[in-house]
Every structure is written in structure tokens, then in C-alpha cells.
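Working notes, beginning with the structure itself.
Just so you know, all these numbers are worked out from the coordinates, no wet-lab data involved. These numbers were taken from a predicted model, which means no experiment stands behind them. Quick reminder, even Gly has a Cβ in these numbers, built from the backbone with ideal geometry, and neighbours come from all protein chains shown.
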Amino acid sequence: MTQLIILLLLIHFVIAYQCYRYASIKGYPIRVFTVLGCMPYFNLVVWIYLLFLPELEPFEHHNHDQKQPL
């Protein structure tokens, strides 16, 4: 029984680390997604959500010379 608990805790912390990693890579608030990733039964949803979120681009990298589509 203790081995099962240890395995579940290990999986839980690995998913929380993945939430931290994907939030930092994609430019989202790291603390928010890490805290949400540490919540049991919610961490898997947050992790999948982060997998499909697009990367945020800094405002300076946008080209202001482009015309907006009609």
C-alpha cells in the first residue's frame, strides 16, 4: 500500500514539474500554473491545458508596420 502511495505522489510531483516547465517555456505565469499543477485531480487538466496553449510573444516583437486584415 505504501508503494502505491509513493508511486502516486511521484506521478503527482512529476506532473507539477511539467506544469512549471511548460509555463516557463511558453511565457505564462509560472507561479499560477505551478500552484494549479500541485492541486490533486486538477493537475492533469492544467498540464493538458498548457500543452495546447500557444506561446506568448513579447509585445516588442510584433511588427507594427503590417496592415490589419479587413
Item checked: In sequence order, calculated HN-Hα J values of region 5-17 (Karplus, 6.51, -1.76, 1.60; Hz; x Gly/Pro) -> 5, 5, 5, 5, 5, 5, 5, 4, 6, 5, 5, 5, 5
Check: For region 24-36, in order, what is each residue's ³J(HN,Hα) by Karplus, 6.51 cos²θ - 1.76 cosθ + 1.60 with θ = phi - 60°, in whole Hz (x at glycine and Pro)?
Finding: 6, 5, 8, x, 8, x, 5, 5, 4, 6, 6, 5, 5
Notebook entry, point to check: Any idea how far apart ILE5 and LEU56 come out in nm if each label point goes 7 Å out from Cα toward Cβ?
Noted result: 3.8
Notebook entry, point to check: What does the charge add up to near VAL32, with Lys and Arg as +1, Asp and Glu as -1, over the other residues with Cβ less than 15 Å from its Cβ?
Noted result: +3
